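Engineer: Starting off with a structure, shown below.
The values are calculated or read from the model by the stated rules, or taken from the named source; none is laboratory data. On a predicted model such as this, the values are computed, not experimentally measured, just so you know. Here the Cβ is made from the backbone with ideal geometry for all residues, glycine too, and neighbour counts use every protein chain on show. Each accessible area value is taken on the protein alone, full model and side chains, heavy atoms only, with ligands, DNA and RNA left out. Shrake-Rupley method; radii C 1.70, N 1.55, O 1.52, S 1.80 Å.
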There are 2 protein chains.
Amino acid sequence: MSGFVSLVGAGPGDPDLLTVRAARALAAADIVFYDALVARGTLDLASRAQRFGVGKRGGRPSMRQETINRLLVRSARRGRRVVRLKGGDPFVLGRGGEEALALAAAGVPFEIVPGVSSAVAAPALSGIPVTHRGLASAFVVVSGHAEDAWGPVLTGLSPGGLTLVVLMGLAARGPIANALLTRGWAPSTPAAILWGAGTWESARWIGSLAELGRADPPPAAKGAPGTIVVGAVVALASVLGGAPSGEAEAERPAAVAAGVAGGTHAR
Amino acid sequence: MSGFVSLVGAGPGDPDLLTVRAARALAAADIVFYDALVARGTLDLASRAQRFGVGKRGGRPSMRQETINRLLVRSARRGRRVVRLKGGDPFVLGRGGEEALALAAAGVPFEIVPGVSSAVAAPALSGIPVTHRGLASAFVVVSGHAEDAWGPVLTGLSPGGLTLVVLMGLAARGPIANALLTRGWAPSTPAAILWGAGTWESARWIGSLAELGRADPPPAAKGAPGTIVVGAVVALASVLGGAPSGEAEAERPAAVAAGVAGGTHAR
């Protein structure tokens, strides 16, 4: 009997932001292969499963993609119900497509379970809508991991009318800011870096594009991946997310999903 | 006592793709204001709530945004637990930011509950990853509703290396295709239109950018909003989503979340 693989998005961190289908797949799983950024509480839902971390952590290299693909195929062929659990959405910069192709090539049945992408949720949980009437009717999500990938994208992106979200781009925030400024984006364009939005350990920096390259991660953000947001919508964080402008801050609890009413965080 | 408003993303359609937090907010709600595209099964989770549809349906105009804002504020001031239920994610082209601003201005406590955006999930459920190594390291989501919004965005978008997702752009597929061709996108660029992905009534058309303007909605798609996807990743649908290329087809069940193994849909 053949097993089955679910490529599951774990959402931005908080287990509450998992989909119902994802929670069900985890509960039914025999074996789970998870990325480094998946929260403990999410993994705990896979109560009867063997669990294996296959992601990057603390600078150590992650398992090779080919090895992960092989593990998924082999586990399914042994008749197991396999969950491949990935941060955010499996198809947003998560190499889920490569895993799906490997499964299809091996004749292993699988499904995609979309998740809440941190590209949208990290800003949202910080009071930043990626689109907003009059400010941005479009948004762009790009990987900041490799310059030969983000370089051409940013160079091809006219300023204004859209929001830019960069995932995995913290280390390259200087060159990324420069690329945008060179492309004609205004130095005064609001910009933010968000760490761990939707988790208990979150922090953010809010400033301008001109300052982005020199933005310092607050101590609370140590090691966490940061989401960069650039665009006029970032200014709404001061009203919708309780963020004082122009400084880094750590928040706790910072599942600041909540809005601000009369100056207090509300949950 | 003040009430509370949850601005909740309902996801792409299937109630299973609701987040756990959204399901909980619905179960606890006294009153729900929902958009036209929210599924029956999702609404049923709000078992103890009064429910009011406030969205556009079948060409009839939707309630004015100011009216919706006022209803949210008034209901919360009466001490009710209010859910504002929106298709997809509340901050992806859903005017959730305007509602949040109105609540903040009125001093009403609220929270944002991010949802799975159909901008990512509709392609995913059709076997199209919006990003894929070597094909697209970025994606753009834009509203196709008003040309003065999408026009400048598309004109500012260099072809190649990214995936374009257009929501609410079905009626403008001709002018949108022309704008991209004029901008230098190759006529052979794969393109798709997806209707109702993640629901039981879904359909899709797959072809090229050159053909997009003349693409005919299949009968099964009648009236449903379509998601347009343009980019090299669309070609993966033939392997990951079981879509024969170059024709429109209706699928049922088409929560074809599932991949294809040996030529058969697998769930």
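Engineer: Report, to the nearest whole %, how much of the accessible area of chain B belongs to carbon and sulfur atoms, 1.4 Å probe, protein only.
Structural biologist: On the way: 5380 of 10070 Å².
C and S atoms contribute 53 percent here.
Engineer: Treating only the Cβ of Lys, Arg, Asp and Glu as charged (+1, +1, -1, -1), what charge dipole size does chain B show about its Cα centre? Round to the nearest 20 debye.
Structural biologist: Dipole magnitude for chain B comes out near 940 debye.
Engineer: What are the ³J(HN,Hα) values, in whole Hz, obtained from phi via the Karplus relation 6.51 cos²θ - 1.76 cosθ + 1.60 with θ = phi - 60°, for each residue of segment A:109-116 in sequence order, with x given for Gly and Pro?
Structural biologist: Per-residue couplings from phi come out as x, 8, 9, 9, 10, x, x, 6 Hz.
Engineer: Distance in nm between label sites at B:Arg133 and B:Glu147, each 7 Å beyond Cα in the beta-carbon direction?
Structural biologist: Rounded to a tenth, the inter-label distance reads 4.2 nm.
Engineer: Can you tell me the orientation of helix B:96-106 relative to chain B, as the angle in degrees between its alpha-carbon axis and the longest Cα principal axis, to the nearest 10?
Structural biologist: Relative to chain B, helix B:96-106 is tipped by roughly 20 degrees.
Engineer: Roughly how many Å² of B:Met63 are accessible to a 1.4 Å probe, to the nearest 10?
Structural biologist: 70
Engineer: Give me D for segment A:1-113 in µm² s⁻¹, whole number, from Stokes-Einstein with Rh from the Kirkwood sum over alpha-carbon pairs, 10 °C and 1.306 mPa s. Show your work: numbers first, answer last.
Structural biologist: Numbers: Rh = 13.6 Å.
Result for D is 116 µm²/s.
Engineer: Based on Cβ point charges of +1 for Lys and Arg and -1 for Asp and Glu, what charge dipole magnitude is obtained for segment B:1-136 about its Cα centre, in debye rounded to the nearest 20? Walk me through the numbers on the way to the answer.
Structural biologist: Details: 19 positive and 10 negative charges, 95 e Å.
Using Cβ point charges on Lys, Arg, Asp and Glu, segment B:1-136 gives about 460 debye.
Engineer: Determine, for the protein assembly as shown, the count of lysine pairs separated by eight or more sequence positions (or lying on different chains) whose alpha-carbon distance falls under 24 Å. Don't skip to the answer; put the middle values down first.
Structural biologist: Numbers: A:Lys56/A:Lys86; A:Lys56/A:Lys222; A:Lys86/A:Lys222; B:Lys56/B:Lys86; B:Lys56/B:Lys222; B:Lys86/B:Lys222.
Here the count comes out as 6.
Engineer: For B:Arg78, B:Arg204, give the ranking by accessible area with the largest first, probe 1.4 Å. Show your work: numbers first, answer last.
Structural biologist: Values: B:Arg78 165, B:Arg204 5 Å².
Sorted descending by solvent-accessible area, the residues read B:Arg78, B:Arg204.
Engineer: What figure, in Å² to the nearest 10, do you get for the accessible area of A:Ser62 with a 1.4 Å probe and non-protein molecules left out?
Structural biologist: Counting only protein heavy atoms, A:Ser62 exposes about 40 Å² to solvent.
Engineer: Only Cα pairs under 8 Å and at least 6 apart count here; give the relative contact order of segment B:35-137 as a rounded whole percent.
Structural biologist: On the way: 73 pairs, mean separation 21.2, N = 103.
In percent, rounded to a whole number, it is 21.
Engineer: Where both partners of a DSSP beta bridge lie in chain B, what percent of those bridges are antiparallel, to the nearest 5?
Structural biologist: Details: 23 of 47 bridges.
So the antiparallel bridges in chain B amount to around 50 percent.
Engineer: Now a separate question. From Cα pairs below 8 angstrom and at least 6 apart in sequence, can you work out the relative contact order of segment B:142-225, rounded to a whole percent? If you can, show how the numbers build up before the last one.
Structural biologist: Working: 116 pairs, mean separation 21.7, N = 84.
That works out to 26 percent.
Engineer: What residue among B:Val20, A:Val54, A:Thr67 has its Cα farthest toward the positive end of the dipole of the protein assembly as shown, where the charges are +1 on Lys, Arg and -1 on Asp, Glu, each on the Cβ?
Structural biologist: The listed residue farthest towards the positive side: B:Val20.
Engineer: Show that you can apply the helix-only estimate: for chain B, add -39,500 (n - 2.57) for every DSSP H stretch of four or more residues, divide by all residues, and state [θ] at 222 nm to the nearest 500. Intermediate values should be presented prior to the final figure.
Structural biologist: Working: 9 runs with 73 residues, N = 267.
Rounded to the nearest 500, the figure is -7500 deg cm²/dmol.
Engineer: From largest accessible area down, sort A:Phe91, A:Phe4; use a 1.4 Å probe on the protein chains. Spell out each step's value before the answer.
Structural biologist: Working: A:Phe91 5, A:Phe4 45 Å².
Descending order: A:Phe4, A:Phe91.
Engineer: Roughly what would the spin-label model give for A:Ala36 and A:Gln50, points 7 Å off Cα along C-beta, in nm?
Structural biologist: That separation, rounded to one decimal, is 2.4 nm.
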